[in-house]
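Bear in mind these aren't lab numbers, they're just calculated from the coordinates by the rules spelled out. Everything numeric here is computed off the predicted structure, so don't read it as measured data. Note that we place each Cβ from the backbone using ideal geometry, even for glycine, and neighbour counts take in every protein chain shown.
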Amino acid sequence: MSIAQDIAAARALLEKAERESDPELKAHALDEALALLSSCDPGETSESERRLIANLRAAHTRRLLAQLVSLTSVSMDAWFDYARLLFGELKDEVEPLIGQDPQLRKNYERFIKLWGPQVAEILQKQQTDPR
C-alpha cells in the first residue's frame, strides 16, 4: 500500500471508531488506525503527509478524550485497551491536550479512575520504564 492509501485507510478506521458504540470495537478500530499511521515511514512521507498524520492523530485523540465520559461501564479488558492507547501510542497527543483543556483533563481523570489509579499508575510506569 502507498502512504496515501495507508493514511486514507487509517482515516476511515478513525471515523469508524468515532461512530462505534461498542467500546471494544472502538478501541480495536483506533488501534488499527494508529498502527497504520505509525507504519508510514517519515523518510518516505512528504511534509504535507506528515502534517496530515499529526493532525489526524491530534484530532482523533481530542475526540477520544471528549468521548471518554460515555465509556463509564466498560469491561476491564476494554479499559486496558484504552489505557494502553492513552499511556502508550497516544501519550504525545494526550499530554498537551489535557494540559490545555480542563474538560478533557476531567474526562481523562474520570476514565482512569474507573478501574483504579493504582492500575493506571502501573500501566504508566510500564510505558515509561520498559525493561
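Each residue of the stretch 14-31 was assigned a 3J(HN,Hα) from its phi angle through the Karplus curve 6.51 cos²θ - 1.76 cosθ + 1.60 (θ = phi - 60°); the sequence is 5, 5, 5, 4, 5, 7, 5, 8, 7, x, 5, 5, 4, 4, 5, 5, 4, 4 Hz, with glycine and proline shown as x. Per-residue extension of 0.36 nm, minus the Cα-Cα distance of Arg50 and Ser70, leaves a gain of 4.1 nm for this segment. Comparing Arg62, Arg11, Arg19 in a Gaussian network model of the chain (Cα springs below 10 Å), the most mobile by mean-square fluctuation is Arg19.
Available extension along the chain between Ser2 and Lys91 is 29.4 nm, counting 0.36 nm per residue and deducting the alpha carbon span.
Note on the chain: helix-only mean residue ellipticity at 222 nm, from DSSP H runs of 4+ residues weighted -39500 (n - 2.57) and normalised by residue number, equals -24000 deg cm²/dmol. Over the stretch 28-121, all Cα pairs binned in 5 Å intervals from 0 give whole-percent P(r) values of 2, 13, 24, 24, 17, 10, 6, 3, 1, listed from short to long.
Rounded to the nearest 20, the Cβ-based charge dipole of the chain about its Cα centre (Lys and Arg +1, Asp and Glu -1) stands at 480 debye.
Ordering 78-85, 34-41 by mean Cβ neighbour count within 10 Å, with the highest value first, yields 78-85, 34-41.
Please work out, to two decimal places, the log10 of the ratio I(q)/I(0) at q = 0.14, 0.21, 0.23, 0.27 Å⁻¹ from a Debye calculation in which every Cα of the stretch 6-55 carries one identical scatterer. Cα-only, vacuum Debye calculation for the stretch 6-55: -0.35, -0.68, -0.77, -0.95. Multiplying the residue separation of Ala9 and Lys125 by 0.36 nm and removing their Cα-Cα distance gives an extension gain of 38.6 nm.
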